[in-house]
Each structure stands twice: as C-alpha cells, then as structure tokens.
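For reference, the structure is listed below as structure tokens.
Here, each number is a calculation from the coordinates, and none is a lab measurement. What you see is a predicted model; the values in this text were computed from it and never measured. So basically every Cβ, Gly included, is an ideal-geometry build from the backbone, and we count neighbours across all protein chains shown.
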Amino acid sequence: MQRLLPRMALTLCLLLGACGTPPEVKQLSMAQIGYFDAAIRAVELQSEALLLAAQQIRSQAEARIVEIEKSSLARNKTLALELSSLEGGRQEAVAEEMLSKVARVSRTAAAARSKLARDVAMIERKTQALRGFIGKLKQVHLALDAYLQSEQAGERVLRDVLKQPSVQRLLTTANELLPRVTGTMDEIKALIGDLNRGDEL
Amino acid sequence: MTREELAAKIRALAEVATTLEEPDRSLKLGDIDQLEIELAAMALEETRARLERVQLPDVEQIDAKIAAARDATKSHLFRVDAFNAALGLLKTAAGILL
C-alpha cells in the first residue's frame with residue numbers, strides 16, 4: 001500500500017493536468033455552436049436570395065428570347081410576302097437562306113433555354129454544397145466541443161459514482177487527505193520501527 | 001469582352017443592318033437575332049463562373065476527421081473513467097488506513 005499511494009497520487013495529478021481545459025475555453029466553445037447556428041441561418045438566407053435572383057434573371061432572359069423569336073417570325077413573314085417582288089432567280093436563294101436562318105434561330109433559342117436551366121441548376125447545387133459545408137463545420141466543432149467538455153463528463157461520473165461535486169473539490173479533498181495519510185503512514189512506520197527495536201532489546 | 005460590350009456591338013450591328021435594303025436587311029437582322037439569343041443565354045454566366053471558383057474541401061474527408069476526433073474523445077473519456085477508478089481506489093485505501 002505504501003508503494004501504491006504515491007503512484008495513485010501521481011496518476012491523479014497527471015489525469016487532472018490532462019483534462020484541465022480552462023472554463024473560458026469551454027464557454028467559448030459552447031458559444032461557438034450558437035455562432036455556427038447563426039452562420040448557417042445567414043448562409044441559408046443568402047442562398048435563397050441568390051437562387052431567387054438567378055430564377056428571376058432566367059425568367060427575364062427567357063422572356064427576351066421569346067420576344068426575339070416573335071420579332072424574327074414577324075419579320076420573316078413580311079419577307080416571305082415580299083419574295084414575289086424579287087427577280088425569279090433570287091427568289092429561291094433568298095427563300096432558302098431565310099428558312100435556314102429561321103431554323104438556326106429556333107435551334108439557338110432551344111440551346112439558350114437549356115443553358116439557362118443548367119446554369120440555375122448548377123447555382124442551386126453549389127449553394128446547397130455551401131450550406132452543407134457550413135453544417136459540416138458545425139459538426140467539426142461539435143466533435144471538438146465533446147473533447148473540450150469531457151472533463152465535465154468526468155465530473156458527472158464523479159457526482160454519480162463517488163458523490164463528489166467536482167474534480168476540483170475531489171482534488172482539494174485528496175490534497176487535504178494525503179498529508180494525513182502520509183502522517184499516519186509515518187506514525188505506523190515509526191510504531192513498527194519502535195516495535196522492531198523493542199524486539200531487538 | 002464583357003456581356004455589356006457584346007450587347008453594345010450587337011446594337012451597333014443592328015443599327016447598320018436596318019440601313020440595308022430588303023431582303024438583305026431582314027436576312028442580316030436574322031443573324032443578329034441569333035447573336036441576341038446567345039447573349040440572353042449568358043445572363044447567368046458570371047454568377048455561375050464565380051460559384052465554380054469556390055472550391056470546397058472534400059466532405060468525405062471532413063467526415064473521416066470528425067469520426068477520428070470522436071473516437072479519440074471516447075478514448076479520452078475512457079481515460080477519465082480510469083482516473084475516476086484510480087481516485088476511488090485512493091479514497092478506499094485512505095479510508096482503510098485512516
């Protein structure tokens with residue numbers, strides 16, 4: 001037992017030293033979880049605003065494309081009516097060029113609508129990834145917080161099992177107890193020494 | 001060339017085309033229609049390009065690090081348990097001796 005006690009005291013000091021997170025750091029860590037919640041909300045609102053703006057820009061661009069298509073159709077109708085006034089040889093060439101341009105405008109409009117839809121989808125994906133990333137950062141912090149707060153977990157065990165209010169209280173008790181234990185050990189040792197000497201006499 | 005610069009060039013071309021005689025006027029304006037539609041399709045180009053430049057760390061790597069940190073914390077809690085057990089022993093030993 002005499003050999004065991006100093007080892008236990010050493011173990012106690014080492015372990016208390018290992019989980020000695022300053023209370024200010026623990027408080028900051030808990031506050032940080034709240035800051036992350038605020039940041040997550042802010043990013044959500046920004047993402048919603050960005051998506052809304054992207055969808056409005058897409059709608060405006062699509063409306064502009066419809067407008068161009070209508071004006072193109074009206075112009076080509078007029079041109080078609082005027083084809084008869086052209087010289088015979090030119091009528092066919094102009095008609096072919098006109099039809100080819102109408103088809104190209106139609107293909108370009110379809111490709112433009114598809115590109116706008118892809119861009120909005122990409123913006124949506126990226127903003128979702130940003131939101132997910134901030135959420136992930138909170139998870140990282142929760143993992144760090146679990147470590148920082150682990151002394152509290154230890155204290156909970158102390159309260160439940162050993163009926164001690166805190167690690168600090170137990171340390172104080174142990175510090176008070178140790179000199180008495182050491183003193184008692186010295187007294188016993190002296191007593192045994194005396195008894196041994198008595199035997200020798 | 002920016003989108004605004006492109007729009008200005010297309011407007012300038014359209015102005016020149018309107019001065020032509022038919023049927024060239026309508027045919028040239030048909031080419032300009034196509035350019036205008038392509039320009040409208042670029043409406044979200046800049047926003048998309050900016051977002052594409054944002055490089056986020058790999059989420060799987062973050063998850064792996066979170067899992068490793070949680071495991072390490074668990075083993076720390078086991079050490080706290082060991083510490084509590086050591087304290088219990090110390091208390092019992094002191095109680096026996098005193």
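Quick look at the values:
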| read-out | value |
| --- | --- |
| Partner chain coverage, peptide B:42-55 - average Cβ within 10 angstrom | 5 |
| FRET efficiency estimate (nearest 0.05) - Cβ-Cβ, B:THR2 to A:GLN91, R0 41 angstrom | 0.50 |
| Above-threshold pairs, the threshold being 24 Å between Cα atoms, out of A:LYS70/A:LYS115; A:LYS77/A:LYS115; A:LYS138/B:LYS65 | A:LYS77/A:LYS115 |
| Exercise: per-residue mean of other protein chain Cβ atoms within 10 Å, B:67-78 | 4 |
| FRET efficiency, B:LYS65 to A:GLN32 (Cβ-Cβ, R0 22 Å, nearest 0.05) | 0.80 |
| ³J(HN,Hα) computed for each position of region A:74-80 - Karplus, 6.51 cos²θ - 1.76 cosθ + 1.60, integer Hz, glycine/proline x | 4, 5, 5, 5, 4, 4, 4 |
| Among the listed pairs A:LYS101/A:LYS126; A:LYS101/B:LYS9; A:LYS126/B:LYS74; A:LYS126/B:LYS9, those beyond 31 Å (Cα-Cα) | A:LYS101/A:LYS126; A:LYS126/B:LYS74; A:LYS126/B:LYS9 |
| Shielding by other protein chains, A:47-56, mean Cβ within 10 Å | 1 |
| Packing-based order for A:80-92, A:29-41, using average beta carbon neighbours within 10 Å, highest first | A:29-41, A:80-92 |
| Ordering of B:20-32, B:62-74 by burial proxy (mean other Cβ atoms within 10 Å per residue, highest first) | B:20-32, B:62-74 |
